[in-house]
1. List the number of the failed condition for residue 196; all other conditions in (1) closer than 22 Å to residue 70 by Cβ; (2) out of contact with any strand residue (DSSP E or B) (no Cβ under 9 Å at 6 or more places or on another chain) hold.
2. Out of 37, 27, report the one residue that is free of Cβ contacts under 8 Å to residues at least 24 places away in the same chain, more than 28 Å from residue 180 (Cα to Cα) and either exposed (fewer than 15 other Cβ atoms within 10 Å of the Cβ) or within 16 Å of the ligand (Cβ to nearest atom) (or both).
3. List the pairs whose first member sits in segment 197-221 and is over 19 Å from residue 186 (Cα atoms), whose second member is assigned to a strand (DSSP E or B) and within 10 Å of the ligand (Cβ to nearest atom), and whose Cβ atoms are under 9 Å apart, counting only residues at least 6 apart or on separate chains?
4. All but one of (1) exposed (fewer than 14 other Cβ atoms within 10 Å of the Cβ); (2) modelled with pLDDT of 95 or more; (3) farther than 15 Å from residue 245 by Cα hold for residue 61; which doesn't?
5. Could you pull out the residue among 217, 255, 205 that is within 25 Å of residue 102 (Cβ to Cβ), loosely packed, with under 15 Cβ neighbours inside 10 Å and either at pLDDT 95 or above or out of contact with any helix residue (DSSP H, G or I) (no Cβ under 9 Å at 6 or more places or on another chain) (or both)?
6. State yes or no: is residue 183 surrounded by fewer than 24 Cβ atoms within 10 Å (Cβ to Cβ) and either under 18 Å from residue 166 (Cβ atoms) or within 16 Å of the ligand (Cβ to nearest atom) (or both)?
7. Does residue 53 satisfy the criteria of being away from the ligand (no atom under 16 Å from the Cβ), in contact with a helix residue (DSSP H, G or I) (Cβ under 9 Å, 6 or more places away or on another chain), within 25 Å of residue 190 (Cα to Cα) and in a loop (DSSP other than H, G, I, E, B)?
8. Return yes when residue 117 is modelled with pLDDT of 95 or more and within 19 Å of the chain's Cα centre (by Cα) and no when it is not.
Ligand code: PLP
């Protein structure tokens, strides 16, 4: 029997065996609490600090600027709520309309305390246009948050420009780089960004561990209270094995990033050109090249209403893809707020398929996927019309 094809790396990635090997001792014999003064504790502390240096290196940052958290979600929460907790009071926050719920729901929470929220629009390709940011900034804007890469459409944002505009008036700039980290270079020596969220499980590390980069001098208040670990910003005994896995995953991603990005772009382009035959009515959603290397978001003209059926047919035939972000499993069948923000009508906003490749994806899998996809789309309701669509749209 042919093995399954996993093309849902934006939802999560399989643990790299090298990461697992690095974590192994910390799930067994090396079990100390990093806060303990004895040898067991010191060994655990050393491992956490080595991982901190590895995660910092991925961002060309200083180890002291990395705060480990329990997830990417928690890193986003800490960045946004923490910025308001540091100063207290109300104010104004600007975020893009296509942020992950970890950011949008933090804003909704802040609204209850009198914080005003402005959602930045995006264009048809899912990009925030810098002049729109200029228009909405106010003297009392406390923080701007725009993700580095979108989790559904894969589009990359003009981070440098957006951060420069924000910093010019002394406002904090946060980016959710959960999807981007380890896939595209993020250099804190060059990017004028104050806060960056990361998550280990998106880069072949373990689930349940994230980090927030906090630029030296930036003041945040905690959202978790207790023993004062992680410079008082994230109390709790550290998830040592998870953190060690995160560090190793970050080091591997950093070392392999350039070669891996061009390999993934090659596979992505092979898939795109194969689509012309396998599903000629398919169209690409998002920017044609300002996108994550292994990320495709596809619509199937005339069959948008059948996207869930297509996903399930592919699953039955041995292929795992997504209809949006994993979080949208709770909202199956509803139009995606991300595609809606990009100007898609409700029918098309309901009908995308996210195909995301990863470190262990092979050419053979891409070819087999195309064959399976061709069969799956032809088993659905016939395509009514697909005039006016092009693969490169
Ligand atoms: N931000 C983005 C852009 C994501 O894609 C995700 C996960 O899908 C998160 C945040 C949340 O990360 P975690 O799963 O570690 O909580």
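The values are calculated or read from the model by the stated rules, or taken from the named source; none is laboratory data. The structure presented is a predicted model; accordingly, all values stated were derived computationally and were not measured. Using ideal geometry, Cβ is built from the backbone for each residue, glycine included, and neighbour counts are taken over all protein chains shown.
1. (2)
2. Working: 27 fails: free of Cβ contacts under 8 Å to residues at least 24 places away in the same chain.
Testing whether each residue is free of Cβ contacts under 8 Å to residues at least 24 places away in the same chain, more than 28 Å from residue 180 (Cα to Cα) and either exposed (fewer than 15 other Cβ atoms within 10 Å of the Cβ) or within 16 Å of the ligand (Cβ to nearest atom) (or both) leaves just 37.
3. 207/199; 209/69; 209/199
4. (1)
5. Numbers: 255 fails: within 25 Å of residue 102 (Cβ to Cβ); 205 fails: loosely packed, with under 15 Cβ neighbours inside 10 Å.
One residue alone meets the criteria, 217.
6. Numbers: surrounded by fewer than 24 Cβ atoms within 10 Å (Cβ to Cβ): no; either under 18 Å from residue 166 (Cβ atoms) or within 16 Å of the ligand (Cβ to nearest atom) (or both): yes.
Judged against the criteria, residue 183 is not a match.
7. Working: away from the ligand (no atom under 16 Å from the Cβ): yes; in contact with a helix residue (DSSP H, G or I) (Cβ under 9 Å, 6 or more places away or on another chain): yes; within 25 Å of residue 190 (Cα to Cα): yes; in a loop (DSSP other than H, G, I, E, B): no.
Here the answer is no, as residue 53 does not meet what is asked.
8. Numbers: modelled with pLDDT of 95 or more: yes; within 19 Å of the chain's Cα centre (by Cα): no.
So residue 117 fails the test.
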